[in-house]
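The values are calculated or read from the model by the stated rules, or taken from the named source; none is laboratory data. Since we're looking at a predicted model, the values are computed, not measured. Positions of Cβ are backbone-derived with ideal geometry, glycine not excepted, and every protein chain shown enters the neighbour counts.
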Amino acid sequence: MLRLEPRSTQSLWAAWLSPMLALTLTAVTGGFIFLAMGKDPGIVLYIYFIEPLTSASGLSEVAVKAGPLVLIGIGLSFGFRAGIWNIGAEGQYIAGAIAGGGLAVYWYESTSSLLLPAMLLTGILGGMAWAAIPALLKTRFNANEILVSLMLVYVAELLLIHLVQGPWRNPMGWGFPGTRMFPDAATMPLLFTGKRVHLGNTLILVAPFVAWLLLARTQFGFQIRLFGLAPLAARHAGVPGQRMVWQSLLIGGGLAGLAGVIEATSTIGQLIPDISPGYGFTAIIVAFLGRLHPIGVLLAGIAIAVTYIGGEGAQISARLPSAVTGLFQGIILFYLLAFDLFTRYKIVIPARQEARQ
Amino acid sequence: MQTTNPPLLSLTGIQKTFPDCIANDAIDLDVQSGQIHALLGENGAGKSTLVKIIYGVLRPDQGNIRWNGVDVQIANPAQARELGIGMVFQHFSLFEALTTLENIALALPHEDHDKLRDRLVKTGEVYGLALQPDRHVHELSMGERQRIEIVRCLLQDPKLLILDEPTSVLTPQETETMFETLRKLAAESRAILYISHKLEEVRSLCDKATILREGRRVDDCIPSTETVRSLAEKMIGKRVKSVKKQLVTQQKPVSLRVSSLATRSHQPYGVDLSDVQLEVRGGEILGIAGIAGNGQIELMDALSGEAGSPVAGKIEILGVEATHLDTNERRNLGAAFVPEERIGQAAVANMTLIENSFLTAATRMKFVRNGLIDWGAVSGFTQNIVRNFDVRTTGVSALANSLSGGNLQKFIVGREILQEPRLLIVSQPTWGVDAGAAAAIHEKIQLLVNTGAAVLIISQDLDEIFLLCDWIAVISQGTLSTTTRVTEITPEDVGLLMGVRHTQQKKTEYATA
């Protein structure tokens, strides 16, 4: 029988090679799947992974998708580094969109230049408030943050549906679920006319750098890493454990909330039930694919965004089902976890042991 | 006479290489029936690797194993047991929540419980290993737990019994009882391979000794004809330096005062401290002896502030009431702490030495400027530690888990001492550390004390306490004995104090117990 043994040393090199290999093998596996579906794998893979990067509009779309993924992924990576498993970013994203979007619903005729900043701020606060629930329950009652944060996703989704079908429904919307379209004062400025990429997307250039500075150069970042690696050593270093739980959840929730309100104020321009194509969950893959490192998360967010855009392209030009996008993301995570196992463990074939069986 | 028989076990040219070291290099070893054979060496000398090869846990790269004159391949422990080799490991493999009988039954799954109960009681009586089959292991002392392990081996009637550092957790009395058992076993012409680095023990117990150093066999000798010093020199390979103690001429003020301290443990098998009193003055070392699991961890956590506020009592550090201060506030008063757990508490395995320096030195050394960590300064500090404490490492960016136990402990102790504390509290400073590193650590602690700092050492190692300390107190069941000058107490007295609950008013309790 084969056995897994922990490796005595883990190389940084292997840690970064593993996502690269995972992406490569995902493409290869995808190729075989396309072949089995009767498509030319070369063409489909080109549509999938290359075409989105060859045109300005493709790049713009990639940035639009990468924006929320990177923002949420970075927030989550703080928690994951601290060993706090917030997997409810999807709910915090929705809570942020609701809290920020609510301002535009209320002041739908406003022209104030303060409206958008105020929405972003309340969006952050909304996401934080949603993440504060698992933080409170964990620090008070030692409730498992994985379950609490996950279940709150469905609460947030139902709350959103209730609002956009009930009290916040657009009176001129012919009964469709959804709020009024946000006024111009509540809309993200576009970066280029004719392209959807907007001011909010520029955060993906700022957030990784700020996160890196926090993690690598401040005592707070050190404490986050320490708390995740060795809780007892964190205690020895005087790190307040409860505060770490609060801070890492609030950072994750705040950034997810910000991503949510940015999405509502930009490409969507209103609150609708389908405000997220699962960004909060996909960002978990992004965080791990990026090794919980801010720059890695940026690259991983772009890579996953490409699969979204490529998936759309493949639906249109290769007539592939939309499920292929989810399939790809699943395969990436599968390979990533598999390779990660081998960076930490090695396979041992026990020698001549079977003689005794 | 014995030399005419083939040895029970004969190893020739055993070679075992690990990726980063040669653990065993062409080792020869002959073990005769009826002999207690010592395998003597520092930590890392290759003793454990060698016995793991004998017990079938590891396979040698090269070399020959003969059993009763016949070549054998020992593929796994089950096969070793079939041949008649039994082993008691250093770290017990007992389930605390199960009874003695249940633990033994796990090793012998085909035995009927009632028969097994009779057998183990009988075996225990024959060898002086009294056992209570139905008590839960977590209630038992380390000595009792070890008896379970030994009886478990004896039930399989081994010809060769291997014991890995058996006395490291025992009181002097328990040790003496175990020695009698071992002598009885040897008289039945069983062979015993006794692994130790305790020289006094080897001298009084063993018929023969094989000394290993850095993976090689350096000598075979008859321990009773050697002195402790000559054995130590063979084992360490250089002249043993003894630490010089400075005579305290004038009593300095009290640096640590603990009065009526009581704590409540939140751990399943934790110990509550009750009514602990102690004082340590500048320029002096107080040693707290005791068997593991009697409140040492809880005392350390209470003193460092990691356990939160105690339920009762007072802690004063360098004249300041510190009972409710947190760990870093206590550090800022001038205290430093070295907890027992090296990896996971004192240091983080997957962080670099630089990051590990920052771990406890951040506040006192003011490494944070304008909100940013000055990693350059931390790196300089770390280089200082590595240089001054002779930490063998590939560099300050090496991960903590790349260091050997002794080097990591030198690093941890160095990190605290270089912060120039006025009070150092150390738990198990040299536990599991090789003799060279232990001597270096002892020397540095003594140097710190000579500058007027106060030191509290919590240790299971009585030799260490008698070597270093000016004062001694014994912890047992969460209570602390009165403090006595080391010159006014013998190890045997300390051994007696290890088994009783202390009420500090009645100093003579142990004499009547």
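Structure above, values below:
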read-out	value
Search result, residues across segment B:301-319 that are away from chain A (no Cβ under 13 Å), surrounded by fewer than 19 Cβ atoms within 10 Å (Cβ to Cβ) and either of a type in the set (Ser, Thr, Tyr) or closer than 25 Å to B:ILE412 by Cβ (or both)	B:SER309
Single residue of segment B:329-356 satisfying the filter (among the small types (Gly, Ala, Ser) and not in a strand (DSSP E or B)) that is farthest from the other protein chains (Cβ to nearest Cβ)	B:GLY334
Output for segment A:293-302, where each listed residue is among the aliphatic types (A, V, I, L, M), surrounded by fewer than 22 Cβ atoms within 10 Å (Cβ to Cβ) and in contact (Cβ under 8 Å) with a residue 60 or more places away in the chain	A:ILE295, A:ILE302
Filter pass, A:ILE74 being in contact (Cβ under 8 Å) with a residue 12 or more places away in the chain and not in a helix (DSSP H, G or I)	no
Subset of segment B:66-77 that is outside any strand (DSSP E or B) and more than 8 Å from B:GLY56 (Cα to Cα) - its residue that is farthest from the other protein chains (Cβ to nearest Cβ)	B:GLY69
Near pairs, Cβ below 8 angstrom, 6+ apart or cross-chain, from segment B:132-157 (acidic (Asp, Glu)) to any residue that is at pLDDT 85 or above	B:ASP134/B:THR99; B:ASP134/B:THR100; B:ASP134/B:LEU101; B:GLU149/B:VAL88; B:GLU149/B:LEU94; B:ASP157/B:GLY84
Residue check for A:LYS39: in contact (Cβ under 8 Å) with a residue 60 or more places away in the chain, surrounded by 16 or more Cβ atoms within 10 Å (Cβ to Cβ) and not in a helix (DSSP H, G or I)	yes
Given (1) within 14 Å of chain B (Cβ to nearest Cβ); (2) among the hydrophobic types (A, V, I, L, M, F, W, C); (3) part of a helix (DSSP H, G or I); (4) crowded, with 21+ Cβ neighbours inside 10 Å, index of the condition A:VAL239 fails	(3)
Filter pass, A:VAL245 being on the phi < 0 side of the Ramachandran plot, within 14 Å of chain B (Cβ to nearest Cβ) and within 20 Å of the chain's Cα centre (by Cα)	no
Filtered residue count, segment A:193-233, keeping only those that are facing chain B (nearest Cβ under 9 Å) and in a helix (DSSP H, G or I)	13
Number of the exception - B:LEU163 against (1) assigned to a helix (DSSP H, G or I); (2) over 19 Å from B:GLY436 (Cα atoms)	(1)
Odd one out for B:GLY46 among (1) modelled with pLDDT of 90 or more; (2) crowded, with 20+ Cβ neighbours inside 10 Å	(1)
Subset of segment A:130-189 [of a type in the set (Lys, Arg) and touching a residue at least 40 places away in the same chain (Cβ under 8 Å)]	A:LYS138, A:ARG180
Of all residues making up segment B:349-367, the number that are surrounded by fewer than 19 Cβ atoms within 10 Å (Cβ to Cβ) and free of Cβ contacts under 8 Å to residues at least 40 places away in the same chain	2
Complete set of residues in segment B:359-416 that are under 23 Å from A:ILE224 (Cβ atoms), away from chain A (no Cβ under 14 Å) and either assigned to a loop (DSSP other than H, G, I, E, B) or touching a strand residue (DSSP E or B) at 6+ places or on another chain (Cβ under 8 Å) (or both)	B:VAL396
Checklist (1) at pLDDT 90 or above; (2) more than 19 Å from B:LEU480 (Cβ to Cβ); (3) under 27 Å from the mean Cα position of the chain (by Cα) applied to B:LEU231, failing item	(1)
B:LEU408 modelled with pLDDT under 95, within 24 Å of the chain's Cα centre (by Cα) and surrounded by 20 or more Cβ atoms within 10 Å (Cβ to Cβ)	yes
Filtered residue count, segment A:260-283, keeping only those that are surrounded by fewer than 21 Cβ atoms within 10 Å (Cβ to Cβ), farther than 16 Å from A:PRO189 by Cα and among the hydrophobic types (A, V, I, L, M, F, W, C)	2
Meets criteria (part of a helix (DSSP H, G or I) and closer than 21 Å to B:ASP134 by Cα) for B:ALA105	yes
Checklist (1) at the interface with chain A (Cβ under 10 Å from one of its Cβ atoms); (2) closer than 23 Å to B:VAL474 by Cα applied to B:ASP326, failing item	(2)
Of all residues in segment A:87-130 being at pLDDT 95 or above and among the aromatic types (Phe, Trp, Tyr), the one that is surrounded by the most Cβ atoms within 10 Å (Cβ to Cβ)	A:TYR93
Residue in segment B:85-100 that is part of a loop (DSSP other than H, G, I, E, B), closer than 17 Å to B:MET178 by Cβ and of a type in the set (Phe, Trp, Tyr) present	yes
Selection status of A:ILE84, part of a loop (DSSP other than H, G, I, E, B) and surrounded by 24 or more Cβ atoms within 10 Å (Cβ to Cβ)	yes
Qualifying position, being out of contact with any Lys or Arg (no Cβ under 7 Å at 6 or more places or on another chain), of a type outside the set (Ser, Thr, Tyr) and modelled with pLDDT under 80, among A:LEU17, A:LEU53, A:LEU35, A:LEU4	A:LEU4
1 or more residues assigned by TED's automatic domain parsing to the domain that holds B:HIS91 and modelled with pLDDT of 90 or more: qualifying helices (runs of 4 or more DSSP H) within segment B:426-498	none
